[in-house]
């Protein structure tokens, strides 16, 4: 390119100008112009190097963005898997809550049934205890009544057979000789030769 040729010619001109011992104003002006051109060429090179540096930075940024997008996809997949697992755990927790609720309801029903049975057992125990007490009292009264009746019957039978009974008011020491004497006299009358009948 023309700029490259000018850049190559500038050092040669500078060297040729330096070899001269004396420079004319025209030569000085030309040398200044060449230096100015060289400076412009240097700046142009720097200006052309800036886009390349920017391109490298853009490529690095593109690589970084690509990496970040890939990492984001991986994170999104992990988050989606975690959310699915959390949803599954939520369903399991809800199922467990329902099971626990039914178990608690069944336990409350069983406790209510137990309390009812205990109350009925206590009521039955109280009634049975009262019945036993009443039966015991009735049995005692009946036993005493039967004992009195039996004692009375035995006393009457004894009084009829031997003349006195087992009553405390009976007087066997007064009643017994009279009956014994009456029996002896009857025997004497039936048996001749005993007592007065033998002398007749």
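Laboratory data are not the source of any read-out in this text; all were calculated from the coordinates shown. Source: prediction; values computed, not measured. For neighbour counting, all protein chains shown are included, and Cβ atoms are generated from backbone atoms with ideal geometry for every residue, glycine included.
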Gyration tensor (alpha-carbon) shape descriptor, segment 62-136, a/c threshold 1.5: prolate
Under a point spin-label approximation (7 Å from Cα along Cα-to-Cβ), what is the residue 146-residue 95 distance to one decimal in nm? 7.1
